[in-house]
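In what follows, a single structure is set out as structure tokens and then discussed.
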Protein chains: 2
Amino acid sequence: VQDENKSTAAKLPIGIFDSGVGGLTVVKQLKKLLPNEALIYFGDTARIPYGTKSPRLIQQYALEDALFLLQFDIKLLVIACNTASALALDVLLENLKIPVLGVVTPGAEAAVKETLEGKIGVLGTSATINSDMYAKEITKRNPNARISSQPCPLLVPLIEEGWINDEITALTLKKYLKQPLEDKVDTIIMGCTHYPLLETAIQKVTGGGVRLIDSGKETARKVKELLKKSGLLNIESKAKESQFYVSDIPDKFEEIGSLFLGEKLSFLERVDFDRFLISNKDHPFLKK
Amino acid sequence: VQDENKSTAAKLPIGIFDSGVGGLTVVKQLKKLLPNEALIYFGDTARIPYGTKSPRLIQQYALEDALFLLQFDIKLLVIACNTASALALDVLLENLKIPVLGVVTPGAEAAVKETLEGKIGVLGTSATINSDMYAKEITKRNPNARISSQPCPLLVPLIEEGWINDEITALTLKKYLKQPLEDKVDTIIMGCTHYPLLETAIQKVTGGGVRLIDSGKETARKVKELLKKSGLLNIESKAKESQFYVSDIPDKFEEIGSLFLGEKLSFLERVDFDRFLISNKDHPFLKK
């Protein structure tokens, strides 16, 4: 009977949320590694960004985003947002009955494996860096690691402006990377799902000797590992169509979204998120 | 009796809202021009920014912000946010019984007065520029005006990063101002409440021949004019303490807020805005 339950559970979708479109880079990796899995994505574009907001608010938003995805009877929740992973993973683990994976732990783990001299740089939003979560997860695995953390609040707006190969972006990266490079880091975690779009630009500033870690890519691997271990891999051989929900569809959204996903956004729907929250106001996951 | 009502109404506070701290530059101007008025400010820092979001969402947010301020029995509402003024002034005028002033019309009016050749540049967020509201308000007053509009999504993040006198900000301004300067504008509207902090940097790129219009400053003048005309000026000689409410208090908030206001934020309180909305879910101003 347990095996039967598992094979039913294996057919359930994976839920993924982010503050906006950045998490689509994680979806891209998941689709590549796990083409048989049904993916349901929620991007909280109505309240983006999270990275400049307070820990308390980020935790509330993350719980609400999870609540939305739980409607779809998901088997696993992926927090495809570094800020929400850094600030709210514990809150979600505490409140949800299904497994939850964030992007911070897989990124930290990979960096510890990759580094030669134990000198690791972390780039992220202000909230992610202030949380010190990457540093904690790294130190847990290598107590001697030397960590150089750098908040990079301008990178997301630069990417969303489309200035990927721009002199201004290059100068901004030089400014943000100055301290980590002075600290002689040999490995850098791109601790925000937007940053892999700047991988080439970052590598140009660091030079080829520094390894760049894409937390999203590492997370996709972890998801596959976890599903395998727990017998929840969907072994049906039909590729599933993903579903994308967002709380706002601003100008140029589908264009930017497709840039992150690497293909056209198929099933895309706007959710009236305020209404959703109001109709769920007595839900045990929401603060009274 | 009507005069008595008016003198009572004159003692009521003025409500001001913005998506965050930018509107504090308008409060600064109001405090200077109208030291006897009680000011109540609401900054929607939990959902900032508005300038990258959809018109529909901006209208909903503006209505909700207004609803919050209406609790204080205000005599006048000032939309101290260019994006919300451009997208939601009509909706607020339609729904509220008190007078409502946005920053767009006063800015457009001033530009039409100042321009020598009728060539006007407009800088703003993507949503403000897409709304075309400045262009409409200018053309209404001068049908022959030539308008060069430029969305500048990076300026707010640059200012909030504190890079006011920075090479990167100068280069970004050069890029954004290229087209307007090619169009030979003689007057530029700083169509976002953040931009006056870059006044010197902008003027350096344009050269002294171009006049810069601070929509916030113009709005403060309009507020005084309107209160005078309608007999609602508070003539009590005691300077009032302002009250500041925000929906989130992130890291460094008071520091940045004080930068915009030009003095320390005195009475500052965080509102649990989701709770406020939920408890007002049947309010006639909110969409069902």
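The values are calculated or read from the model by the stated rules, or taken from the named source; none is laboratory data. Note that the coordinates shown come from a computational prediction; the quantities given were computed from them, not determined experimentally. Here the Cβ is made from the backbone with ideal geometry for all residues, glycine too, and neighbour counts use every protein chain on show. With ligands, DNA and RNA removed, areas are computed over all heavy atoms of the protein, side chains included. Shrake-Rupley method; radii C 1.70, N 1.55, O 1.52, S 1.80 Å.
B:Tyr245 exposes around 20 Å² of accessible area when a 1.4 Å probe is run over every protein chain in place.
Within the listed set B:Asp186, B:Asp214, B:Asp166, the residue fluctuating most in the Gaussian network model of chain B (springs between alpha-carbon atoms under 10 angstrom) is B:Asp166. Find the centroid of the Cα atoms in segment B:188-257 and in segment B:87-127, then give the distance between the two in whole Å. What the calculation gives is 14 Å, centre to centre. Fully extending the segment from A:Lys97 to A:Asn165, taken as 0.36 nm per residue of separation minus the present Cα-Cα distance, adds 20.1 nm. Each other copy holds its own label point for B:Asn280; taking that point as 7 Å from Cα along Cα to Cβ, the gaps run 2.3 nm, nearest first. Our Cα-only numbers for segment A:1-70 put the radius of gyration and Dmax at 14.7, 48 Å.
Across the identical copies, the label point of B:Pro99 (7 Å from Cα in the Cβ direction) is separated from its matches by 6.4 nm, in order from shortest.
Overall form of segment B:87-216: oblate. Here a/c, set by the Cα gyration tensor axes a ≥ b ≥ c, is 1.5 or more, and a/b is not larger than b/c.
Peptide A:44-54 has a mean shielding of 5, counted as Cβ atoms of other protein chains within 10 Å of each residue's Cβ. Loop-located trypsin sites (Lys or Arg not before Pro) in segment B:179-245 (DSSP state other than H, G, I, E, B) with a sparse environment of at most 11 neighbouring Cβ atoms within 10 Å: B:Lys238.
Mind grabbing the base-10 log of I(q)/I(0) for the protein assembly as shown at q = 0.07, 0.11, 0.12 Å⁻¹? Debye formula, identical points on the C-alpha positions, no solvent, two decimal places. Once normalised to I(0) and log-transformed, intensities are -0.44, -1.03, -1.19. Per residue, the convex hull spanned by the Cα atoms of segment B:176-255 measures out at 183 cubic angstrom. Dipole of chain B computed with +1 at Lys/Arg Cβ and -1 at Asp/Glu Cβ about the Cα centre; of B:Phe253, B:Gly207, B:Ile159, farthest Cα towards the positive end is B:Gly207. Note on A:Thr105: accessible area is roughly 40 Å² with a 1.4 Å probe, heavy atoms of protein only.
Once a ≥ b ≥ c are taken as the square roots of the eigenvalues of the Cα gyration tensor of segment B:1-130, is the result rounded (a/c under 1.5), prolate (a/b larger than b/c) or oblate (a/b not larger than b/c)? It is oblate, given that a/c is not under 1.5 and a/b is not larger than b/c. Using Cβ point charges alone (K and R +1, D and E -1), the dipole size of segment A:138-190 about the Cα centre works out to roughly 440 debye.
Using only the Cα atoms of segment A:78-120, construct the convex hull and provide its projected area averaged over every direction, in square nanometres to one decimal.
If I average the Cα hull's projected area over directions, I get 3.3 nm².
Taken about its Cα centre, the protein assembly as shown carries a charge dipole of about 60 debye when Lys and Arg each add +1 at the Cβ and Asp and Glu each add -1 at the Cβ. Projecting the Cα atoms of A:Met133, A:Gly118, A:Gly191 onto the charge dipole of segment A:107-225, computed from C-beta unit charges around the Cα centre, puts A:Gly118 farthest toward the positive end. The GluC sites (Glu not before Pro) found in segment B:237-276 that occupy coil by DSSP, while having at most 16 further C-beta atoms within 10 Å, are B:Glu241, B:Glu263. Residue order by solvent-accessible surface for B:Asp274, A:Asp73 is A:Asp73, B:Asp274, largest first, with ligands and nucleic acids left out and a 1.4 Å probe. The sum of -39500 (n - 2.57) across all DSSP H runs of n ≥ 4, divided by the residue count of chain B, sets its helix-only mean residue ellipticity at 222 nm to -14000 deg cm²/dmol. Loop-located trypsin sites (Lys or Arg not before Pro) in segment A:1-104 (DSSP state not H, G, I, E or B) with no more than 16 neighbouring Cβ atoms inside 10 Å: A:Lys11, A:Lys97.
Label-to-label distances for B:Lys184 across copies, nearest first, come out at 6.0 nm, using points 7 Å from Cα in the beta-carbon direction.
Compute the whole-percent fraction of alpha carbon pairs in chain B spaced more than 30 Å apart.
Value for chain B (Cα pairs over 30 Å): 29 percent.
Charged side chains reduced to their Cβ positions (Lys and Arg at +1, Asp and Glu at -1) give segment B:177-251 a dipole of some 420 debye around its Cα centre. Computed on the Cα atoms alone, the convex hull of segment A:143-209 gives a volume of 85 cubic angstrom per residue. Highest mobility in the GNM of chain A, judged by mean-square fluctuation with C-alpha springs under 10 Å and restricted to A:Gly51, A:Gly191, A:Gly208, is found for A:Gly208.
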